[in-house]
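Scroll down for the structure; my scribbles are underneath it.
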Amino acid sequence: MENIQMTARRDFLKASAAVGGGLTLGMYLPLGAKVAEAQAKTNSPNAWVKIGTDNSITIMCARSEMGQDVYTSMPMLVAEELEVDINKIKVEFAPPAEVYINSLLGGQLTGGSTAVRDAWEKLRKAGASARMMLVGAAAKEWGVDAGQCKAANGMITGPGGKKTTYGAVAEAAAKMEVPKDVPLKPAKEFKIVGNKAQKRLDTPMKVAGTATFGIDVRVPNMLYAAVAMPPMIGGKVQSFDDSRAKNMPGVKAVVQYSRGVAVVAESYWQAKKAKDLLLITWDEGPNANNDMVKVWAGLKDASNQPGAVFREAGDADGAIAGAAKVYEATYELPHLSHSPMEPQNTVADVRADGATIITPTQFQQLVPFVVAGATGLKPEQITVITTFLGGGFGRRVEVDYTIDAAEISKAVGAPVKMVWSREDDMTHDSYRPGGYYKVQMGVDAGGKLVGYRYHGTSPSISSRLFPSIVKDGIDPFAVEAIDNFPYAVPNHKLTYQMHDTGITPGYWRGVSHNLNAYVVEGFIDEVAHAVGKDPIQFRIDNLDYTEEKHKWSGLSAGVAVGGRLKKVLEMVREKSGWGKKYPEGRGQGVAVMEGYNTCLACVAEVSVTKNYDVIVDKVTYAIDAGQLIHPDQAKAQVESCTIFGQSACMYGEITVKNGGVEQTNFDGYRVVRMNEAPKAMDIHWLESNNTPGGLGEPATALVQAAIGNAIFAATGIRVRKMPFTPENIKGSMKA
Amino acid sequence: MNISFNLNGKPASADVAPDTPLLWVLRDTLGMTGTKFGCGKALCGACTVHLNGNAVRSCQTPIGSVAGQKVTTIEGLPANHAVKKAWIALDVPQCGYCQPGQMMQAAALVAQNKKPSDADIDAWMSGNICRCGTYPRIRAAIKDAARMA
């Protein structure tokens, strides 16, 4: 299966042309023709808007809805300029097509906190352009100048009381020339963008239980598949005995596919029961003996390599050698699972002349290519339908499960819904890579920071998924939140060493911000305390206020943002009641970061019990994310990131033994529950009409650093090994 | 084996093995997909339904044990139920996958406790996982729903 994926990715890249702007993954699909065809059948001024003769307005959502609100925030941008009632529109998930490519990522892909950033101008212009064509069509019909007509609420009015609806002129509008100059309204005229009272458009169906997730899809004559996959990463089926399984009630077939053995039956439960009776001998593959002793020894050993330099100024080693005081630390950060609530699944209907894949995916554009590779069909013969996603968090950027389902459907010659168990999902994830980090800071006699060394060692996710973006040993997705190291240290050298741990690495909400921000902000906190300075003031005093450009920060601001970081630090200082005196066992910790062009400061307040259990009492944020599109859901994303990050730093750890993942369900892989979530969350925004920053991920990383620093404030224990379990906290006490 | 029970106020039956979990009978046999599969081990609460008014994990409830009894799923919780209204008012769901289970669990709480404290909510809801982290809004919505109920 790995081979199919790699071949498909190569084909994909071959078909690619440069897509402008940002960090391009070099992807491109020649599917424009399909969009044109779709336009002809409906009255569509462009690929984003469909207008029915009944005046129904449908707005296409080209990003995957996995909780982060694109189902509402994307249409809000279109509707603002289209001049329609956002609460009366319909939303449809867009099929794979060139026009829907995310310019920041170079693919039709949902990730990297880019949905709003990519859409900000594009979708408002799409709305404005469609409106201009509708108004133009009405004006032409009336024989008046378009400037004399006005659009509001899906209606067009003209001189002398002329009036018509969008629906009435939609057919004519679709034939109008697409305007070249599309002016956008200024922020002060926004009616929809920034509306604090706006509700999510998908809430009613999610509350009713009628929203269709991938796992809910049913097609005629559909069979169900339960699968057995190798328990060790990289294992394969050697042989199997299905004599008991195939005679179970409801079982239609037992088939071997690239990755495992599938039992196909009339219902999932029949398939699952029969699957449990399979006897499989595994070819254990290259990782058969992998365990955590080897993983950590490997990372530590690799960290002795010099690594690739991704940022350097002056002579860091010399400055540190000559410094009055040198501080140093090492950090050990674990592998993590995505574990979205909806286990991976796909409905595949593979036929001789084409295939339909209905799936909860973050990367619909790649699916036709991998399914083509797996079935022998051509990409253009494959239709992909995206459902709601029961969580994504980066897991559904991977398309492995669509390949599995397609192979199984092809083998049995029927539409099949493949459903993974929780155990399948947790043990066949792609994992947030662990990492080993070494840092040093040299401080002169006057207390000034003079030299900084940062050396990170971790698996490279992009080397596996998008090798073309890895250059000179540097994976841009491994140096986030450190390439843009926010403090001014005249001599610094930042290096990255990639190392494969035998645990498949994957993009996980916030990606390497989670690793690097913890080290950067944990260590600067150590230095602040060591030199006897207030942690917030120390940060403000040492921020980089230059306009230094950051070479590798593809999804970040790309330039030093000291002034913005200072503002959020000052705001969080005021809002959090910073500096309060606490009894022993309770304290506040701060952290600050720019990620996805959003600047955030966070103060966490924690209590640590006598048994070293950590309770997160309160989290306060000050955030500069530019213009908020849907303010209540911007807040919801910060709430979400907070709890996702809290799960990671408090409990999260994936381990392997005999080459396989040991955690199989939510008993072994603990996540935050209702009683453990922060008792209070207080989120403040810097009022701004600037270009929006991303919000789906950054707080995930930041809150972990703030909690770690708060544990130090509460206990005097600096925990450099996650998760913050009683064992790791006790283990971090100074001897 | 044909097993009959009451589903959302109407007679229902399924011809399945009696050890089949109620979850899969609802989803596959009866096409009621509002009830979700999350863990299969009663660890996450996504599959929560009411059995004779009590919140139970349908993934651990064999259909054979349900014969002749009253099952309510998210589809059967009335649209004007206080929990549904509170969930909508606060825009609780994000991805929404765990929410049917959360709401069925919450509905059983507000049916018996008109003023749940934070501790009551912690104790009652801690079996239901939400990876999107909607807990603060669930907590607020339960309090609102209890006031309305």
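Can residue A:624 be described as closer than 21 Å to residue A:117 by Cα, charged (D, E, K, R), more than 8 Å from chain B (Cβ to nearest Cβ) and in contact with a helix residue (DSSP H, G or I) (Cβ under 7 Å, 6 or more places away or on another chain)? In short, yes. Go through region A:255-266 and give me each residue that's in a strand (DSSP E or B) and farther than 21 Å from residue A:371 by Cα. Of everything in region A:255-266, just one residue is in a strand (DSSP E or B) and farther than 21 Å from residue A:371 by Cα, namely A:265. Residue count for region A:49-78 satisfying the condition of being at pLDDT below 95 and aromatic (Phe, Trp, Tyr): 0.
On inspection, residue A:588 qualifies as polar (S, T, N, Q), part of a strand (DSSP E or B) and in contact with a helix residue (DSSP H, G or I) (Cβ under 7 Å, 6 or more places away or on another chain).
Residue count for region A:621-638, restricted to those that are of a type in the set (A, V, I, L, M, F, W, C) and in a strand (DSSP E or B): 2. Note on region A:412-426: residues that are surrounded by fewer than 24 Cβ atoms within 10 Å (Cβ to Cβ) and among the β-branched types (Val, Ile, Thr) total 1. Residue A:694 satisfies every condition listed in (1) farther than 18 Å from residue A:571 by Cβ; (2) under 22 Å from the mean Cα position of the chain (by Cα); (3) crowded, with 20+ Cβ neighbours inside 10 Å; (4) within 14 Å of another protein chain (Cβ to nearest Cβ) except (4). Is one or more of the residues making up region B:124-138 within 11 Å of another protein chain (Cβ to nearest Cβ), more than 24 Å from residue B:40 (Cβ to Cβ) and out of contact with any helix residue (DSSP H, G or I) (no Cβ under 6 Å at 6 or more places or on another chain)? Checked region B:124-138: at least one residue is within 11 Å of another protein chain (Cβ to nearest Cβ), more than 24 Å from residue B:40 (Cβ to Cβ) and out of contact with any helix residue (DSSP H, G or I) (no Cβ under 6 Å at 6 or more places or on another chain). For residue A:712, the conditions (1) within 14 Å of chain B (Cβ to nearest Cβ); (2) of a type in the set (Phe, Trp, Tyr); (3) assigned to a helix (DSSP H, G or I) all hold with the exception of (1). Annotation note: of A:627, A:588, the sole residue that is surrounded by fewer than 24 Cβ atoms within 10 Å (Cβ to Cβ) and either under 17 Å from residue A:537 (Cα atoms) or not aromatic (Phe, Trp, Tyr) (or both) is A:627.
I'd like the full set of residues that are under 22 Å from residue A:516 (Cβ atoms) and of a type in the set (D, E, K, R), limited to region A:687-715. The answer is A:697, and nothing else. Residue count for region A:391-416 under the criterion of being under 21 Å from the mean Cα position of the chain (by Cα) and within 23 Å of residue A:228 (Cβ to Cβ): the result is 7. Being in contact (Cβ under 8 Å) with a residue 40 or more places away in the chain and either buried (at least 24 other Cβ atoms within 10 Å of the Cβ) or acidic (Asp, Glu) (or both) is the requirement here; does residue A:509 meet it? So residue A:509 fits the description; yes. Residue count for region A:213-249 under the criterion of being assigned to a loop (DSSP other than H, G, I, E, B) and β-branched (Val, Ile, Thr): the result is 3. Filtering region A:464-473 for residues that are aliphatic (A, V, I, L, M), in contact with a Phe, Trp or Tyr (Cβ under 9 Å, 6 or more places away or on another chain) and closer than 19 Å to residue A:519 by Cβ leaves an empty set.
Among the conditions (1) assigned to a loop (DSSP other than H, G, I, E, B); (2) of a type in the set (Val, Ile, Thr); (3) in contact (Cβ under 8 Å) with a residue 12 or more places away in the chain, residue A:210 misses just one, which is (3). Residue pairs whose Cβ atoms lie under 8 Å apart, separated by 6 or more positions or on different chains, with the first residue in region B:132-143 and part of a loop (DSSP other than H, G, I, E, B) and the second crowded, with 22+ Cβ neighbours inside 10 Å and charged (D, E, K, R), are B:133/A:639; B:134/A:639. The single residue among A:159, A:204 that is more than 14 Å from every other protein chain (Cβ to nearest Cβ), surrounded by fewer than 18 Cβ atoms within 10 Å (Cβ to Cβ) and at pLDDT 95 or above turns out to be A:159.
As a summary of the residue check, residue A:199 satisfies the conditions (1) within 14 Å of chain B (Cβ to nearest Cβ); (2) part of a helix (DSSP H, G or I) except for the one numbered (2). For the condition over 23 Å from residue B:5 (Cβ atoms) and more than 7 Å from every other protein chain (Cβ to nearest Cβ), residue B:118 qualifies.
Checking residue A:157 against (1) assigned to a strand (DSSP E or B); (2) among the hydroxyl-bearing types (Ser, Thr, Tyr); (3) under 16 Å from residue A:365 (Cβ atoms), which test does it fail? It fails just one condition, (3).
Rundown of residues vs (1) in the same structural domain as residue A:188 (by TED's automatic domain parsing); (2) farther than 23 Å from residue A:175 by Cα; (3) surrounded by fewer than 24 Cβ atoms within 10 Å (Cβ to Cβ), yes/no style:
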| site | (1), (2), (3) |
| --- | --- |
| A:49 | yes, no, no |
| A:52 | yes, no, yes |
| A:55 | yes, no, yes |
| A:65 | yes, yes, no |
| A:77 | yes, yes, no |
| A:92 | yes, no, yes |
| A:122 | yes, no, yes |
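The values are calculated or read from the model by the stated rules, or taken from the named source; none is laboratory data. Predicted model only: the values in this text are computed from it and were never measured. All Cβ positions, even for glycine, are placed from backbone atoms using ideal geometry, and neighbour counts span all protein chains on display.
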